[in-house]
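To keep things clear, I will list the structure first and then write my remarks on it.
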Amino acid sequence: MRPKKNLPFRYRGGLLLLVFLWPFLNGCTYLGLMPPKPKDEHTYSFRTHAYGTSALLDEASRFYFKGDFIEARGEYKRFLELHPTHPLAAFAQYRMGMCDYYQILSVDRDPTPVRKALSDFQKVIDEFPDSNYVGKAQKKIAICRDRLSRVHFYVGYFYYKTKRFKAASYRFHTILLKYPDSRKYDRAEFYFALSKFHLKQRHQAVRLLKRLIQQFPKSKYARKSSILLAFWKKEGLIGQTES
């Protein structure tokens, strides 16, 4: 009996690459979310028996658990249009948001699914404030808002590195105005200040860095701000009273 030969080295690299890429090829999104499994209380069979739902909702759930989120969203939407006051209307609205949520990709890709998911989850809160899905929708809204702030920062930082400071300033300022709960807030404020400095708006740049130091004293960007203010003062780039 012949001994088994080891796999040639040139094939090992390809095998490792396939193992690494398999989650992405198998339907996993950038967020690491695999298609949902029909094992919770939201399965179409349970809901049908409990509430006598229409074939639309059954079909939507079948698409949903198959990972066909575009078709599923369309069916949930049609169900809502036909049955806006149904006991499962809030459920359908939440599922619409989840269909978009599962399509969210990396920050350098089209953010449309994030915006659509955010809108759908907000409708759960606005139109079904007494439903059991409000808490879940609020958690998903927080994630979507953080993702949108990251999109703005990604674009803003690209503009900053390519010396398009006006465009960069707009993106960083958007984060400060619309996403005060963003985990990128201190970093956005730092680069917003630097963009203003490069736009010759030095007084505003100094004010922003000082505010950053007060708001986030333990942040590494607070330390960078202190060092930068001292350097600007030493080089005579800002007045004595501004530092």
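Here are the numbers:
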| read-out | value |
| --- | --- |
| Sorted by Cβ density within 10 Å, fewest first, the residues S54, S61 | S54, S61 |
| Listed residues I104, F69, F79: farthest to the positive end of the dipole of segment 52-142 (Cβ charges) | I104 |
| Unsatisfied cross-links (Cα-Cα over 32 Å) in the set K163/K210; K166/K233; K184/K233; K163/K224; K139/K166; K123/K224 | K139/K166; K123/K224 |
| Efficiency of FRET between H198 and T112 - r from beta-carbon atoms, R0 45 angstrom, step 0.05 | 0.90 |
| Segment A142-L105, length gained on full extension (0.36 nm per residue, minus Cα span) | 11.7 nm |
| Reachable aspartates and glutamates from K200, criterion Cα separation under 15 angstrom, eight or more residues apart if same chain | E242 |
| Unit charges on C-beta of K, R, D, E only; dipole of segment 151-234, Debye | 300 |
| In sequence order, calculated HN-Hα J values of segment 59-66 (Karplus, 6.51, -1.76, 1.60; Hz; x Gly/Pro) | 5, 4, 5, 5, 4, 4, 6, 7 |
| Tensor-based shape of segment 151-234 (alpha-carbon gyration tensor, a/c under 1.5 rounded, otherwise prolate or oblate) | oblate |
| Electrostatic dipole magnitude of segment 98-243 [Cβ: Lys, Arg +1; Asp, Glu -1; Cα centre; debye, to 20] | 800 |
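Where a number appears in this text, it was derived from the coordinates with a stated rule and is not lab data. Predicted model only: the values in this text are computed from it and were never measured. Positions of Cβ are generated from backbone atoms using ideal geometry, with glycine treated the same way; all protein chains shown enter the neighbour counts.
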